[in-house]
Amino acid sequence: MHIRKATRADCRALAELALMAGEGIPAFFWAQAQRPGQDIIDVGSETVASEEANFSYLNAHVAELDGTIAGMMLAYRLPAGEAAEALDELPEFIRPLVELEQCMPDSFYINMIAAYPGYRGRGVGTGLLGGVDRLARAAGCSLASIEVFEQNQGALRLYERLGYRVVERRAVVPHPCHPYAGDIVLLTRAVV
């Protein structure tokens, strides 16, 4: 497996993988920017191609197997507490996710991690997460953080196996774009 920094040429794959990882949330936002006749993946590709927001190829790494993108990780340093987003400006179902982010200002936040279905179970997630300490140190972070819907037991087990521990949780606000109930959990791990 080869892990590398994503490039602008990877934006379509990053958008596809974001749809898989994002539990319906990216599609919700991308649909608001969708032009008539435009494919949602094209909207996502344009979004990821931006160099202005955290949701950018500039903050992504891809894992390649046999020269093909198998998965991706989108991660970056969260802003300090005073730079936090105003929750009342966000859709209600997004607020618990952002509240959890705001619990860990200045942490190295793993926003998304995903593998294409044909590459799952082959260590792609573990490989991508293996670079978190180096990336976090480069960003000046001493803590890594990640969120997951508690019903995603496979991801939760992976994160815990890699040393992440649940530190906070928020109730899911039901919404048609994602199928979950229960809690969203925030996990952290000290950067070594």
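Would you work out if the range 1-131 is rounded, prolate or oblate? Take a ≥ b ≥ c from the square roots of the eigenvalues of the alpha-carbon gyration tensor; rounded if a/c is under 1.5, else prolate when a/b is larger than b/c, oblate otherwise. It comes out oblate by the Cα gyration axes.
The GluC sites (Glu not before Pro) found in the range 113-192 include none that occupy coil by DSSP while having at most 10 further C-beta atoms within 10 Å.
In the chain, helices alone account for a calculated mean residue ellipticity at 222 nm of -8500 deg cm²/dmol, with every DSSP H run of four or more residues adding -39,500 (n - 2.57).
For the range 107-142, which trypsin sites (Lys or Arg not before Pro) are both in a DSSP coil and crowded by at most 11 other Cβ atoms within 10 Å? Passing sites in the range 107-142 do not exist. Among the GluC sites (Glu not before Pro) in the range 46-134, those placed in a DSSP loop whose Cβ has at most 10 other Cβ atoms within 10 Å are E51, E52.
Read-outs throughout are calculated quantities, based only on the coordinates presented, and are distinct from any laboratory measurement. Just so you know, these numbers come straight off a predicted model, no measurement behind them. Ideal geometry is used to build each Cβ from the backbone, glycine not excepted, and the neighbour counts take in all protein chains shown.
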